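Participant: Here it is, the structure in full.
The values are calculated or read from the model by the stated rules, or taken from the named source; none is laboratory data. Everything quoted here is computed from the prediction, not taken from an experiment. With ideal geometry, Cβ positions are generated from the backbone for all residues, glycine too; neighbour counts draw on all protein chains shown.
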């Protein structure tokens with residue numbers, strides 16, 4: 001569990017610190033080799049090929065990436081995650097203490113959000129090394145037991161079972177890197193025979209291909225084609241490698257080459273992914289055609305769950321019971337927040353690609369958000385006031401006010417982002433690279449705030465509300481910093497910044513406004529717990545705002 005937590009700690013820290021830059025890096029790829037290199041680099045940094053696959057899937061859905069390029073990025077990410085295993089297997093235990101000290105100091109003491117994320121990353125790397133040492137120490141006594149030789153000897157003889165165990169292990173852990181590191185650690189202390197380790201390793205490569213398939217279930221057909229193609233390629237190559245391994249005297253060959261043990265296993269893992277990349281890269285276009293024939297919209301099973309899902313959570317039968325009515329209001333607010341988040345997620349993608357269908361979809365969702373507000377307003381005013389207690393009445397009013405804020409956020413997305421994107425495409429202009437990264441970073445952070453606001457709405461947790469308020473201040477700071485950097489680029493005579501100055505500044509204001517609306521859920525809770533001041537004005541000793549005296 002420490003190993004899984006550590007890998008996730010590194011990945012989330014990287015995503016929060018540089019998620020926008022990574023999105024821009026993937027979007028800029030124009031050839032397959034560059035795309036594979038970008039995927040490899042991101043997987044090394046994020047320590048997760050599944051995260052790279054999810055990023056690629058997002059661009060594929062918004063038509064920002066063609067299928068061959070997205071597949072090259074995913075395959076390159078698989079090789080990058082294999083190289084991560086090699087890097088983490090080096091004997092660098094001496095660096096754990098300095099990493100923990102530096103990472104902990106940055107995460108706890110730093111005032112900068114990005115520095116705190118760097119602290120998470122550094123601590124995550126240190127904890128990965130610690131967890132591997134714990135794993136070796138925990139398994140070492142089992143090596144001398146009477147039970148382990150019977151199991152390992154069976155797996156050594158039955159490579160197919162070992163292969164399936166490896167696939168299940170990677171899928172259950174939801175991390176190919178963690179699964180392979182665990183297998184390598186077991187082989188390193190002789191708790192697992194080399195032959196069984198090879199079969200389990202090949203199975204783990206298949207299991208790592210299953211992870212993005214599971215994470216993207218229910219998404220559009222292009223995404224299904226991407227992840228299933230990746231799974232099919234990895235599975236076919238893993239089976240071929242398994243057949244070759246079962247036909248060769250692996251132990252004798254490995255001993256002769258002095259590769260027996262953990263290092264030989266790691267080199268086999270890296271070689272597998274190198275072969276996969278070399279074999280796949282020239283045929284990405286052909287795979288696109290084949291997968292489009294095998295997996296098409298016509299072959300998809302209708303989503304009956306969506307068809308029978310009620311349009312609204314507001315049940316008129318609960319109006320007589322304030323508690324049940326408030327629950328219905330909260331559920332409808334969650335649905336409304338999810339709709340606004342769905343609208344906001346591709347907002348900046350419209351700047352990168354001229355897609356009229358995407359803009360129309362956003363406007364259609366805005367109409368549904370308007371209907372949600374009308375339903376909530378009508379429902380809240382229909383609850384008998386006589387049955388309300390004071391606190392229940394205040395809660396209903398706060399929910400209605402938040403629904404108004406969510407509707408305003410939807411209007412910003414539908415009526416300002418779409419217009420700004422259209423103006424950009426009509427003028428045939430592009431934002432500067434620096435400007436794009438700044439906007440995308442703010443966009444990623446606001447998406448995180450959507451999740452946090454939903455948590456506040458559900459749990460009514462004062463600490464989560466306080467954190468949401470702090471994140472709102474971070475967005476305000478980011479908007480101010482981006483505006484200063486943009487003005488500096490104008491002073492330096494950057495042509496692309498001059499041409500798109502109005503778009504950049506208007507987008508900054510729109511992003512900040514959306515974030516302000518969704519963070520409004522925190523204010524009533526903070527007022528109730530006494531954690532929010534009425535004004536930011538400095539007060540004198542008796543509590544009155546200080547007034548400047550007129551100069552003499």
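Participant: From the list 148, 186, 135, exactly one residue is under 30 Å from residue 239 (Cα atoms), at pLDDT 75 or above and in the same structural domain as residue 202 (by TED's automatic domain parsing). Which is it?
Facilitator: Being under 30 Å from residue 239 (Cα atoms), at pLDDT 75 or above and in the same structural domain as residue 202 (by TED's automatic domain parsing) holds for just one of 148, 186, 135, which is 186.
Participant: Just for segment 415-448: of the residues that are in contact (Cβ under 8 Å) with a residue 12 or more places away in the chain and outside any helix (DSSP H, G or I), which one is surrounded by the fewest Cβ atoms within 10 Å (Cβ to Cβ)?
Facilitator: Here the residue is 427.
Participant: Within the set of pairs 6+ apart or on separate chains, which have a first residue in segment 224-247 that is over 25 Å from residue 52 (Cα atoms), a second that is surrounded by fewer than 17 Cβ atoms within 10 Å (Cβ to Cβ), and C-beta atoms under 9 Å apart?
Facilitator: 242/160; 246/160
Participant: Taking the residues in segment 370-391 that are closer than 16 Å to residue 323 by Cβ and surrounded by 16 or more Cβ atoms within 10 Å (Cβ to Cβ) as candidates, determine which candidate is modelled with the lowest pLDDT.
Facilitator: Among those residues, the one meeting the criterion is 388.
Participant: I would also like to ask the following. So, in segment 114-132, of the ones that are crowded, with 17+ Cβ neighbours inside 10 Å and under 23 Å from residue 478 (Cα atoms), which residue ends up modelled with the highest pLDDT?
Facilitator: 119
Participant: Can you tell me which of 226, 276, 210, 281 is at pLDDT 85 or above, touching a helix residue (DSSP H, G or I) at 6+ places or on another chain (Cβ under 6 Å), assigned by TED's automatic domain parsing to the domain that holds residue 156 and within 21 Å of residue 172 (Cβ to Cβ)?
Facilitator: Answer to the check: 210.
Participant: If a residue counts only when it is surrounded by fewer than 16 Cβ atoms within 10 Å (Cβ to Cβ), modelled with pLDDT under 90 and under 27 Å from the mean Cα position of the chain (by Cα), which helices (runs of 4 or more DSSP H) contained entirely in segment 449-552 have at least 1 such residues?
Facilitator: Because the criterion is at least 1 residues that are surrounded by fewer than 16 Cβ atoms within 10 Å (Cβ to Cβ), modelled with pLDDT under 90 and under 27 Å from the mean Cα position of the chain (by Cα), the helices (runs of 4 or more DSSP H) in segment 449-552 that meet it are 462-491.
Participant: Tell me, which helices (runs of 4 or more DSSP H) wholly within segment 7-107 include 1 or more residues that are modelled with pLDDT under 75 and buried (at least 18 other Cβ atoms within 10 Å of the Cβ)?
Facilitator: Qualifying helices (runs of 4 or more DSSP H): 32-46, 49-61.
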